[in-house]
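**Q** The structure is given below, and queries will be raised subsequently.
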Amino acid sequence: MGEMVYSLPTDSMNPLPLPQASKRRRMRKKRGPKAAAVRRGTRSVFMLLACYVLTSYIVLPFAWRVVEGKAFADAPTLTENRIGIPGDPLNVALIGEREEVIRALLLAGWQPADPLTLKTVLSTAASILLNRPYPTAPVSNLYLWDRKQDLAFQKMTGKRPTQRHHVRLWLAPPDGGDGLLAVTPRNGGRPLWIGAATFDRTVGFNRFTGQLTHHIDPAIDAERDTLMGDLRAAKQLVELLRVHDMNTNTEGRNAQGDRYVTDGDLALGIIHSANTPQE
């Protein structure tokens with residue numbers, strides 16, 4: 001039999017199309033080492049950011065709870081953050097119905113703080129970056145009696161968003177909590193509110209965890225006196241008392257790592273009933 005010869009079509013002699021992956025590799029070669037360096041840098045930035053978030057917001061806070069939490073866990077005159085790290089000392093108290101307390105603070109020139117949400121946190125960051133006031137900026141949550149503050153008020157100082165007066169208040173248990181009602185027999189059975197008043201002087205990073213936060217002025221007694229002075233000037237107090245040596249922690253650091261110094265006294269103001277001063 002004769003030998004059979006097959007010929008390929010002309011178009012079959014053309015090079016086969018390259019796989020998609022091969023095309024991507026050729027494009028990378030064309031971009032050169034500069035593009036590769038940018039990609040590596042981007043990956044490094046994301047890795048560093050992830051490490052920061054993991055360390056500052058998960059690892060270190062829980063490590064502090066183990067190392068330092070027990071040292072102050074039983075202190076009745078300190079607030080705590082959400083994982084039990086000691087917060088700001090309690091240095092003020094008010095007696096009055098909820099509506100009376102709110103109205104008294106409003107008349108004294110203080111504003112209620114917005115709830116702490118993603119939106120208000122972003123608004124706070126924007127106000128700091130743009131250096132514009134945010135009179136009702138949220139405050140971070142602190143805890144007493146296993147719950148966050150019931151009321152939070154603040155007062156701006158000028159137009160700088162990094163500085164403000166602020167106070168957190170908790171409604172005390174029905175028995176008065178720590179015997180505070182025993183020193184005010186003329187309270188008429190109205191509720192007791194106990195709180196922590198401090199002055200935010202700047203914005204920075206938590207010294208323990210690296211989280212972004214406000215830093216307080218160490219002279220917390222001055223803020224205690226400022227709050228009570230504003231309430232008296234607005235004629236909202238029928239009586240102002242002082243509980244001596246209420247706080248035995250006269251010097252220390254709060255959950256943000258900020259130093260504080262106090263004489264240990266707590267200022268206790270009795271609000272005029274129905275916010276109506278008696279002339």
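Rule-based calculations on the coordinates, nothing more; no lab input. Every value quoted in this text rests on a predicted model; they were computed, and no experiment measured them. Here the Cβ is made from the backbone with ideal geometry for all residues, glycine too, and neighbour counts use every protein chain on show.
**Q** Taking the Cβ-Cβ separation of THR226 and ASN131 as r and a Förster radius of 22 Å, what is the calculated FRET efficiency to the nearest 0.05?
**A** Plugging the Cβ-Cβ distance into 1/(1 + (r/R0)^6) gives 0.40.
**Q** Largest first, please: the extent of the C-alpha atoms of region 74-275 along each principal axis, to the nearest Å.
**A** For region 74-275, the Cα extents along the three principal axes come out at 48, 35, 26 Å.
**Q** Another one. Near PRO135, within a Cβ-to-Cβ distance under 14 Å, what is the net charge of the other residues, with Lys and Arg +1 and Asp and Glu -1?
**A** With Lys, Arg at +1 and Asp, Glu at -1, the net is +3.
**Q** Using the Cβ atoms and a cut-off under 12 Å, what net charge is assigned to the surroundings of ALA222, where Lys and Arg are +1 and Asp and Glu are -1?
**A** So the environment of ALA222 carries a net charge of -3.
**Q** Please say if region 84-179 is rounded, prolate or oblate, where rounded means a/c under 1.5 for a ≥ b ≥ c the square roots of the C-alpha gyration tensor eigenvalues, and otherwise the choice is prolate for a/b larger than b/c and oblate otherwise?
**A** Taking the square roots of the gyration eigenvalues as a ≥ b ≥ c, region 84-179 is prolate.
**Q** If packing is taken as the mean number of other Cβ atoms within 10 Å per residue, what is the order of 132-143, 78-89, highest first?
**A** Highest-to-lowest ranking by the protection proxy: 78-89, 132-143.
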